[in-house]
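Peer 1: I am attaching a structure below and will ask some questions about it afterwards.
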Amino acid sequence: MTERAPAKARARAEIDLAALRANVRTLRERAPGAAFMAVVKADAYGHGMIPCARAAVEAGATWIGTATPEEALAVRAAGIGGRVLCWLWTPGGPWREAIEADLDMSVSAMWALDEVVAAAREAGRPARIQLKADTGLGRGGSLADDWPELVRAAVDAEREGLVKVTGLWSHFACADEPGHPSIAAQLDSFREMVAFAEMCGVRPEVRHIANSPGTLTLPETHFDLVRPGIAMYGISPSPELGTPEDFGLRPVMTLTASLALVKHAPGGLGVSYGHHYVTPGATTLGLVPVGYADGIPRHASGTGPVLIGGKRRTVAGRVAMDQFVVDLGGDEPAAGDEVVLFGPGDRGEPTAEDWAVAAGTIAYEIVTRIGARVPRVHVDDGGAARE
């Protein structure tokens, strides 16, 4: 009986764990006196949370950072030890489960402190908490006027043995904009709020505010711990700061698809919804079987770049839910041939930053939005698949 050849993948996102580990080591060299938190929220910015967390720990990360407690609990369930901080809580969150999983939990308001204290009483053990200061981002964290009440209440709870305040932290608003006046203002505010907490008796293990751009370009922000997110995946947090190559980083994700159809088309043929593209003459069209349901931005209709047969092409017309078309200009690749949407750029392929420019967004969104229909294939040194 003749065996069938293995089916070509409709699409796949190849995740280079060796590159991720190298990026972690490079970033650690930028902040040699600080501990390293690998931020793996949002499924590691679309790269696969558990494999990326493991690889980061292998490269020297001593903390893992997640947004939601559910993400942090999944890290623990996967058997990953060490310290894990989660910061995006809502009332009624799984405080007790987090305490029993030895997570560090961010607290920004009195309601959260009240809930974590109640959960600690139920669990019969203290909760590890970190107090978050809003130093000017205007998002999560306690504003300066509310900070004294929160700090004093946390100190009282610590004296009762219900919590251990392990950290004081904040987040920048504009660290990716060189010279923005808010950077110095937030740093001054953070120092003041930390000084107040320490005056009240808080003895944190870590004080931290540096995100990816802070880690890369603002050594005065490193304190006891840095929290790189997007830079760990080899993407620059801002083109104004520099390219990945400028920082010695390598993009970790390569997104590919297989051509689903190649066909001859006459001139004057309207292509895809709305006929926003009309073939200028006789040509060949290629159908790429991914669309906005897979995370390909519809805003890149008519502008999104791909590499096919060693040549750059552009999305012809609208990106649809499951597919888009490219005008191949008379070339005739075969159905099943590879389409590279983005990668490190070594082969002349587009990068995530190229797609961000095409869609009018940031590279963070391009990689993070790649959907669950696209399998992640984690490869290690030598290109071997790794689960």
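Peer 1: If I take R0 = 41 Å and measure r between the Cβ atoms of Arg159 and Ala78 in this structure, what FRET efficiency does the formula 1/(1 + (r/R0)^6) give, to the nearest 0.05?
Peer 2: Computed FRET efficiency for Arg159 and Ala78 comes out at 0.70.
Peer 1: For segment 64-142, calculate the relative contact order in percent as a whole number, restricting contacts to Cα pairs under 8 Å that are 6 or more residues apart.
Peer 2: 25
Peer 1: Per the helix-only calculation at 222 nm, which mean residue ellipticity applies to the chain, given -39500 (n - 2.57) for every DSSP H run of n ≥ 4 and division by its residues, nearest 500 deg cm²/dmol?
Peer 2: That comes out to -8500 deg cm²/dmol.
Peer 1: One quarter of the convex hull surface, Cα atoms only: what value does that give for the chain in nm²?
Peer 2: With every direction weighted equally, the projected area is 22.6 nm².
Peer 1: Okay, next question. Give me the percent of the accessible area of segment 131-223 that comes from carbon and sulfur atoms, probe 1.4 Å, all protein chains in place.
Peer 2: Heavy-atom surface of segment 131-223 belonging to carbon and sulfur, 1.4 Å probe: 50 percent.
Peer 1: Report the extension gain between Met199 and Thr303 in nm, rounded to one decimal, defined as 0.36 nm multiplied by the number of residues separating them, less their alpha carbon distance.
Peer 2: My answer for the length gained is 31.9 nm.
Peer 1: Kirkwood hydrodynamic radius (Cα pairs, Å) of segment 63-207?
Peer 2: Kirkwood radius, segment 63-207: 15.4 Å.
Peer 1: Can I ask one more? Using DSSP to define loop residues, name the trypsin sites (Lys or Arg not before Pro) in segment 243-352 whose beta-carbon has at most 16 other beta-carbon atoms within 10 Å.
Peer 2: Arg347
Peer 1: Ok, one more. I'd like the distance separating the alpha-carbon centroids of segment 293-357 and segment 44-112, in whole Å.
Peer 2: Using only Cα atoms to place each centre, the spacing works out to 35 Å.
Peer 1: Okay, moving on. How high is the relative contact order of the chain? Use alpha-carbon pairs under 8 Å, at least six apart in sequence, and give a whole percent.
Peer 2: Computed over the chain, the figure is 17 percent.
Peer 1: OK, next. Report the relative contact order of segment 1-94, percent, no decimals, based on alpha-carbon pairs under 8 angstrom and at least 6 residues apart.
Peer 2: Relative contact order comes out at 24 percent.
Peer 1: Take each complete run of DSSP H in the chain, measure how far its Cα atoms stretch along the helix's own axis, and keep only those covering 15 Å or more with mean Kyte-Doolittle hydropathy at least -0.5; list them.
Peer 2: The qualifying helices are 17-30, 110-123, 147-159, 181-199.
Peer 1: Which value in nm describes the separation of the simple spin-label points at His275 and Thr314, placed 7 Å from the Cα toward the beta carbon?
Peer 2: Placing both labels 7 Å along Cα→Cβ, they lie 2.1 nm apart.
Peer 1: Determine the per residue accessible area of the chain with all protein chains present and a 1.4 angstrom probe, expressed in square angstrom.
Peer 2: About 42 Å² of surface per residue is accessible.
Peer 1: Right, something else. Which value, in debye to the nearest 20, gives the size of the charge dipole of segment 161-225 about its Cα centre, when Lys and Arg are +1 and Asp and Glu are -1 at the Cβ?
Peer 2: About 260 debye.
Peer 1: Post the alpha-carbon centroid distance, segment 209-260 to segment 113-128, in whole angstrom.
Peer 2: Centre-to-centre (Cα) distance: 36 Å.
Peer 1: Can you give me the long-range amide H partners of Gly371? Hydrogens built in the peptide plane at 1.01 Å from N, cutoff under 5 Å, separation of 5 or more residues or another chain.
Peer 2: Hits under the 5 Å cutoff: Gly295.
Peer 1: Over segment 1-94, with every protein chain in place, what whole percent of the accessible area is carbon and sulfur at 1.4 Å, could you tell me?
Peer 2: Of all accessible area on segment 1-94, carbon and sulfur atoms account for 54 percent.
Peer 1: Could you work out the local net charge near Gly65, counting Lys and Arg as +1, Asp and Glu as -1, over the other residues with Cβ closer than 10 Å to its Cβ?
Peer 2: Computed value for this residue: +1.
Peer 1: I would also like to ask the following. Distance in nm between label sites at Arg152 and Leu88, each 7 Å beyond Cα in the beta-carbon direction?
Peer 2: The two pseudo-label positions are separated by 3.3 nm.
Peer 1: Going through segment 1-72, which trypsin sites (Lys or Arg not before Pro) have at most 10 other Cβ atoms within 10 Å and a DSSP loop state?
Peer 2: Sites meeting the loop and neighbour criteria: Arg4.
Peer 1: Another question about this same structure. How many percent of Cα pairs in segment 203-314 exceed 20 Å?
Peer 2: Everything past 20 Å amounts to 61 percent.
Peer 1: Taking the Cα centre of segment 142-297 as the origin, how large is its charge dipole in debye, to the nearest 20, when only Lys and Arg (+1) and Asp and Glu (-1) carry charge on their Cβ atoms?
Peer 2: 720
Peer 1: Mind checking segment 211-261 for GluC sites (Glu not before Pro) that DSSP puts in a loop (not H, G, I, E or B) and that have at most 16 other Cβ atoms within 10 Å?
Peer 2: Of the GluC sites (Glu not before Pro), the ones in loops of segment 211-261 whose Cβ has at most 16 other Cβ atoms within 10 Å are Glu240.
Peer 1: Next question, about the same structure. Straight-line reach from Lys311: which lysines have Cα under 29 Å away, leaving out those fewer than 8 places along the same chain?
Peer 2: Once the sequence-local lysines are set aside, what remains near Lys311 is Lys8, Lys263.
The values are calculated or read from the model by the stated rules, or taken from the named source; none is laboratory data. Computed from a predicted structure; not experimentally measured. Glycine also receives a Cβ, built like all others from the backbone with ideal geometry; neighbour counts cover every protein chain displayed. Surface accessibility is based on the protein's heavy atoms, side chains included, excluding ligands, DNA and RNA. Shrake-Rupley method; radii C 1.70, N 1.55, O 1.52, S 1.80 Å.
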